[in-house]
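Undergrad: Structure in structure tokens, see below.
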């Protein structure tokens, strides 16, 4: 049986890693919509029957479709929406991660990873929202400061990404241990 | 009991999914809930916000009452001249206020409710507001402001050179005539 956290981690990687930041390529080489499809599959594999699971899976699929069109817009070079579409998808992604964390909190209730899930939720959503707010305000800030302010927002979002990375490692180990124990007990 | 049964029993005891650390989790939740209640009692935001505002208003009223006149014409002129700086300050203030509010809400550890909903709604509104403001500013000032694209400077230099050339040509022609 494969690890659902693997898929969630792949999803976050695909959504976050964007080579435009590094200035290597003009377009996003790891497309976001594949990340959202990973998310949908990972959520599908999580052990829960709560309604949030269904909602978040549908949300992931809707985001995949939306981000596909936004990426297509950029690939073809129409740039009808420009950065607005990208920022809107970013906001929807934060809302989506909030729903995913609600699901994870529900799954880990009364389990060893409850505290870690809760702390990661606090930091991840706070940093992502602050980064988004700072980036959205950067349009109206003085031209000399604009780039720096935008960079601060990006750094905050990168911090959130690293928090998720550490959380993922803990989840991965936990899930692996459970599976190994199951196998032992069956022997 | 068979030896196999003992082994099975031991294996079952070690299973973390069968025997989760319920005590630890409950304790943590209780601590969080307690700290939540304590903090709301200790730190009433309303008083922290209202006390300095009322103090400032009282001070203002006393100063007016003491007969000190305020000459605000020059100040008004200054503020009109520095309107741009002022708007920048407002933007930075709003940005800080909103990000502090978000940090505060999540620091308190709320997972659902009005405040969490407000953080999302306010940040979305801030985004929309910024877009609308930027759009409006561009209509008000059709002169191209220096954007942060690198090509701008190069173009501007090019245009300057052309203008200088034209000027030189005209002056030379004028001199010949």
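Undergrad: Going residue by residue through the range B:45-65, is there one that turns out to be exposed (fewer than 13 other Cβ atoms within 10 Å of the Cβ), closer than 30 Å to residue A:99 by Cβ and at pLDDT below 75?
TA: Scanning the range B:45-65, I find at least one residue that is exposed (fewer than 13 other Cβ atoms within 10 Å of the Cβ), closer than 30 Å to residue A:99 by Cβ and at pLDDT below 75, so the answer is yes.
Undergrad: Out of A:129, A:103, A:113, A:92, report the one residue that is within 11 Å of chain B (Cβ to nearest Cβ), in contact (Cβ under 8 Å) with a residue 60 or more places away in the chain and either over 13 Å from the mean Cα position of the chain (by Cα) or within 20 Å of residue B:116 (Cα to Cα) (or both).
TA: A:113
Undergrad: Which one is farthest from residue A:106 (Cα to Cα), of the residues in the range B:106-124 that are more than 8 Å from every other protein chain (Cβ to nearest Cβ) and not in a helix (DSSP H, G or I)?
TA: B:108
Undergrad: If you don't mind, there's one more thing I want to ask. Would you kindly identify the helices (runs of 4 or more DSSP H) lying entirely within the range A:79-186 that contain at least 3 residues that are more than 26 Å from residue A:33 (Cβ to Cβ) and modelled with pLDDT of 85 or more?
TA: A:114-137, A:143-186
Undergrad: Quick one: residue A:54 ticks every box in (1) modelled with pLDDT of 85 or more; (2) under 25 Å from residue A:159 (Cα atoms) except a single one, so which number is it?
TA: (2)
Undergrad: Pick out the one residue from B:96, B:103 that is facing chain A (nearest Cβ under 9 Å), within 24 Å of the chain's Cα centre (by Cα), under 27 Å from residue A:133 (Cβ atoms) and modelled with pLDDT of 85 or more.
TA: Residue meeting the stated conditions: B:103.
Undergrad: Output the number of residues of the range A:166-187 satisfying the condition of being within 25 Å of residue A:13 (Cβ to Cβ) and without any contact (Cβ under 8 Å) to a residue 24 or more places away in the chain.
TA: Here the count works out to 4.
The values are calculated or read from the model by the stated rules, or taken from the named source; none is laboratory data. Everything numeric here is computed off the predicted structure, so don't read it as measured data. Neighbour counts run over all protein chains shown; Cβ positions are idealised from the backbone, glycine included.
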